[in-house]
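The values are calculated or read from the model by the stated rules, or taken from the named source; none is laboratory data. Because the structure is predicted, anything quoted here is derived from the model rather than measured. In this analysis, Cβ positions are derived from the backbone assuming ideal geometry, glycine residues included, and neighbour counts consider all displayed protein chains. Each accessible area value is taken on the protein alone, full model and side chains, heavy atoms only, with ligands, DNA and RNA left out. Shrake-Rupley method; radii C 1.70, N 1.55, O 1.52, S 1.80 Å.
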Amino acid sequence: MKEFVPVLKQTKLFAGVEEEDVFSMLSCLGARLRTYKKGEYVLRQGQNLSDILVLAEGGLHIQRDDYWGNRSILGHIGVGEIFGEAYASPESGALLNDVIAVENSSVFFFDVKRVITTCSSACRFHTLVVQNLFFAISEKNRSLVQKLDYLSRRTTREKLISYLSEEAKKQNSSYFTIPFNRQQLADYLSVDRSAMSNELCKMRDDGLLEFEKNLFKLRPGCF
C-alpha cells in the first residue's frame, strides 16, 4: 500500500497533503487496496456501495450492457481519479453501471463515513480532504455535462469533432491520445462503429485530422 502513496499525493483527493501525511491518513480513512486483472469487474450493476474509490494503477471503464448485450461506455477512469462517490449516500440506491478493468489495475477503497467525518485523532489534513472531495465531485459533474454535449450533436462527425476538440483542449495539444479503441469510442459516443470509422477516414481525407490507432493530430484552423 505504501508504494502507492506518491500516486495518491498527486490525486485531487489528497491535493495539498504531504506524502507522509497521506500515509498516516490511510488508516484513518479506512483504506483498503484491491487489485484486478484486465477484464475483471471492480463494481457490478445492482451492487450497493459505501466507499469512495481511487484508481492507483491501470485503467477502468464505466459501462452498461443491455439485455441483448449491446454495450454503452459511459466513461473512462484514469490513474488518480475518484469514482463511486455518486452512490456513497445511504439513499443513493444500487449501482446502475458496471466498472471493469481494461488493464491490470489497483484500486483504493475509502470508507465514505470515515472520509466525511473528522476522526477523533483530528488529522491535520482531514478537513482539506473533505474540501478536495467536494471540488472533485464538482469537476466530475462538469465532465458529465460535457459528455451530454457530445451526445446531443446530431451527426457522427459533429460528435467526433466535439469530443476530439475537447480532448485536445484538455491535453493542451493538437497531438494527443484517447483512452479508447475504435469499438470503445463508438460505444462512448453511442454511434455505429463502422459508420464512425468511415467518418474518421472522410475527416482525414478532408484534411481535418490525422490518426494512428488511438493517437490523433488535429489540423489547426480546421474546426
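Here are the numbers:
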| item | result |
| --- | --- |
| Within a Gaussian network of the chain (alpha carbon springs, distance under 10 Å), most fluctuating of Arg154, Arg142, Arg34 | Arg154 |
| Cross-link table Lys147/Lys169; Lys38/Lys213; Lys140/Lys202, entries beyond 22 Å C-alpha to C-alpha | Lys140/Lys202 |
| The chain - accessible surface per residue (Å², probe 1.4 Å) | 55 |
| Cα centre as origin, Lys/Arg/Asp/Glu Cβ charges: region 79-139 dipole, Debye | 380 |
| Net charge dipole size for region 2-57 [Lys, Arg +1 and Asp, Glu -1 on Cβ; Debye, nearest 20] | 380 |
| Share antiparallel - DSSP beta bridges, the chain, percent rounded to 5 | 100 |
| For Met25, solvent-accessible area (1.4 Å; no DNA, RNA or ligand), Å² | 0 |
| Test item: Cα-centred dipole of the chain, Lys/Arg +1 and Asp/Glu -1 on Cβ, debye | 300 |
| Exposure rank, largest accessible area first [Ile116, Ile161; 1.4 Å] | Ile116, Ile161 |
| Share of carbon and sulfur in the accessible heavy-atom surface of the chain [1.4 Å probe, %] | 50 |
| Charge-dipole axis of the chain as Lys and Arg at +1 and Asp and Glu at -1 on Cβ define it, positive-most pick from Trp68, Phe134, Ser197 | Ser197 |
| Using distinct alpha-carbon pairs, which all enter the 1/r mean, Kirkwood radius of region 79-212 in Å | 18.0 |
